[in-house]
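A short write-up of the structure that comes next.
Read the figures in this text as sums done on the coordinates, not as results from a lab. Every value quoted in this text rests on a predicted model; they were computed, and no experiment measured them. Cβ: placed from backbone, ideal geometry, glycine included. Neighbour counts: every protein chain shown.
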Amino acid sequence: MSAPLIEKACAKVNLTLRVLGRREDGYHELESLVAFTELGDTLTLQPAADSELEITGPFAAACGPKADNLVLKAAATLRERAGTLKAGHFLLEKIIPVAAGIGGGSADAAAALRLLARANDLALDDPRLASAALAVGADVPVCLDPRARVMRGVGDLLSAPVDLPSLPALLVNPGVPLATRDVFAAFAGSEGSKTALGTLPRERDGAIDFLARYGNDLTHGAIALAPVVAQVLTALEALAGARLARMSGSGPTCFALFDTSAAAEAAERQLAAARRDWWVRATTIT
């Protein structure tokens, strides 16, 4: 590696999320249609003797100790499996909220694995990459090759890529972090939905109508811990042109789907002006 390598760490969105039950190891079996947005952090790998991490961007301060960052964890985990690796200095531009239910840290870790694969001539389907991804976190495998898929199990069972139509969307985060483990604990004892995912239509209207038949089983647990999630969903549902509003992952980020990018951008201007304390971004989900 003689020049810096760059990867986009696209935010993931759980368009649906069904909790199927709790496993003996304490983890939950899930079924989730996961897609990705145009928005994301940027991770750069620069040639250097040692693996280090520098974090910039509006959410850099919220990332916590660098030693705990999933980028460095991903590098160390892959090194355990692949032996000697060409690594270097990681520069992370953090523009996605932390602990937000849109896979920011997981996407960063996956981007680190892709960068290391490029630097070391490893194929993206090298089993050592998949093993490292799952060891780092449940959402990392689906972020490793960021295309829409159905994720099952604890994140280890991935479908082939799903032919998802382009979905204009608005993402909203109220600035209250939610820990995934706390939301699952709040869900404990509840019963997940019973309707298994069917076949997603390829055109936009049909896809949005299809998604409206499913939900996110973690929503009530997230609202119990952070009532502002209910306020976000109500605000999204009230926006002109909003076809569907839902929470992503374990929250608190929520999203609304629109027919056009212009409608999503108009909704961004309206809600950002009304709620300057919220993170509000129009994007496209693919």
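Tell me the net charge near Glu237. Cut-off is 13 Å between Cβ atoms, Glu237 excluded, with +1 for each Lys or Arg and -1 for each Asp or Glu. Residues near Glu237 contribute +2 overall. For the stretch 278-286, 3J(HN,Hα) computed residue by residue from phi via the Karplus equation (6.51, -1.76, 1.60; θ = phi - 60°) reads 9, 8, 10, 9, 7, 7, 10, 9, 10 Hz, glycine and proline entered as x. Shown for Asp145, Asp217: other C-beta atoms within 10 Å of each C-beta, ranked fewest to most, produce the order Asp145, Asp217. Protection proxy ranking of 42-50, 148-156, by the mean of other Cβ atoms within 10 Å over each peptide's residues and highest first, is 148-156, 42-50.
Distances between placed amide hydrogens fall under 5 Å for Leu20 paired with Glu29, Leu30, Glu31, all partners being 5 or more residues away or on another chain.
Rounded to the nearest whole Hz, the Karplus-based 3J(HN,Hα) values (6.51 cos²θ - 1.76 cosθ + 1.60, θ = phi - 60°) of the stretch 108-122 follow the sequence 4, 4, 5, 5, 4, 5, 5, 5, 5, 5, 5, 5, 10, 6, 9, with x at glycine and proline. Between the listed residues Gly175, Thr44, Leu244, the Cα displaced farthest toward the positive end of the dipole of the chain, a dipole computed from Cβ unit charges relative to the Cα centre, is found at Leu244. For the stretch 1-143, a simple Cβ point-charge model (Lys and Arg +1, Asp and Glu -1, everything else neutral) yields a dipole of about 40 debye relative to the Cα centre. Farthest towards the positive end of the charge dipole of the stretch 167-285, among the residues Asn216, Thr284, Pro201, is the Cα of Thr284, using unit charges on the Cβ of Lys, Arg, Asp and Glu. Using the Karplus relation 6.51 cos²θ - 1.76 cosθ + 1.60 with θ = phi - 60°, the per-residue 3J(HN,Hα) values for the stretch 5-10 come to 10, 10, 9, 8, 9, 5 Hz, with x marking Gly and Pro. When Tyr214, Tyr27 are arranged by Cβ crowding within 10 Å, least crowded first, meaning fewest neighbours, the order is Tyr27, Tyr214.
Taking amide H as placed 1.01 Å from N in the peptide plane, Leu157 has its amide H under 5 Å from the amide H of Arg152, each at least 5 places away in sequence or on another chain. Computed from Cα positions, the angle between helix 127-136 and the longest principal axis of the chain comes to roughly 60 degrees. The ranking of Ser261, Ser106 by Cβ neighbour count inside 10 Å, starting from the fewest, reads Ser261, Ser106. When the Cα convex hull of the chain is projected onto planes of every orientation, the mean area is 14.5 nm².
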